[in-house]
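The values are calculated or read from the model by the stated rules, or taken from the named source; none is laboratory data. In this text, all values refer to a predicted model and were calculated from it rather than measured experimentally. Note: ideal-geometry Cβ built from the backbone for every residue, glycine included; neighbour counts use all protein chains shown.
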Amino acid sequence: MSEAKKISPGLSLNAPDVSSRQKIFILGFNRCGTQSFSAALEKIGIGCAHWDQNRLALAIANDINQGRKIDLDAHYPQCNAFMDIINVPGHGQINKRPWIEGNQFARELVKSYPDAYFILNTRPVNDWINSRLKHVNGDFIEQYRQDKLRHANQKLSKEEIILDWRYQWHKHHAEILELFSYNPSLKSLIFDITTSTYSSLKTFLSPDYSLFGDTMPWVGQTASATQAPDQKGFKHTVKNVAKKIFKFKA
C-alpha cells in the first residue's frame, strides 16, 4: 500500500503540450499489481491516488453516502489515476468505519465519470488469496478478522476468511464483467497481471496517454508474462462460477 503521489495536473510528460483530464480507475482488488500500474503511470507524470492510507476509499464513500456525485477533483486535484480503493480500519488512517473494498463503487464511478478509463486488474484467485494472507506479515488477515467481528458479529477462522475472499473475488469479477458488457461504449480493459501484455495497456490508454517503455515496470514481481489472455474464455469461466456461487448464497 502506498500514499497518493501528486506529480502533475494530468499532464503527460512525453507530450507536454497536451493536457488530459481523463480519469483512470483500476477496479480490481489490492494485491493485483496496483503498485506496478502506479509506477507505469507516474513515469509519464500522471498523479496517482494509491490507497492513500484509507483516505481515498473514505472520500468516495462519503460522497456517495451524502448523495453527491463523486468529486475526485475536489479530493485529489492533481491526480488522474485511482487504485487500491480500500479501507482497512486498523491500518493507515485509523478509523471506525467498516472494511471497504472499493470495487463496490464501480457503478457509481461509471455514473460520475462515464468517459473515464476503467481497468479490471486481476490474477488467478489462489495466487491473490495467498498474496493477501502474506500481506503486512500476516496482519492484513487479522485486521479483516477483527473487522468482521466488530461490524458483523462474525468470528471467522482462517479457512472461513479464505472462503469469504474466494466468494468476493468471483462476485466482484462477475459484477464488473456485467457492468462492462451492459455499457459497450465504456472504455474498459481486463488486465491479468500474469498473462496480459504491456502493449495492450499502452494501446488502451493511447488516445489520451502515452506510456513509456516496452515492458511493465513490475513492482513486487520478478517478471511479467508475455502471452495475452483469452478474455472471452476468462469472462465465460467467471460468469459460470459466479452463477453457482449466487445460487449457493441464495
### Query
For the range 105-125, what are the residues that are surrounded by fewer than 18 Cβ atoms within 10 Å (Cβ to Cβ) and under 14 Å from residue 173 (Cβ atoms)?
124, 125
### Summary
Counted residues in the range 114-142 being under 26 Å from residue 176 (Cα atoms), assigned to a helix (DSSP H, G or I) and not charged (D, E, K, R) come to 10
#### Entry: Selected residue (criterion: farthest from residue 147 (Cα to Cα)) from residues of the range 93-104 that are surrounded by fewer than 19 Cβ atoms within 10 Å (Cβ to Cβ) and not aliphatic (A, V, I, L, M)
104
### Task
Please find, among 73, 52, 63, the residue that is among the charged types (D, E, K, R) and modelled with pLDDT of 95 or more.
63
### Summary
Picking from 188, 196, 200, the residue that is in contact with a strand residue (DSSP E or B) (Cβ under 9 Å, 6 or more places away or on another chain), farther than 20 Å from residue 103 by Cβ and either among the small types (Gly, Ala, Ser) or outside any helix (DSSP H, G or I) (or both) would be 200
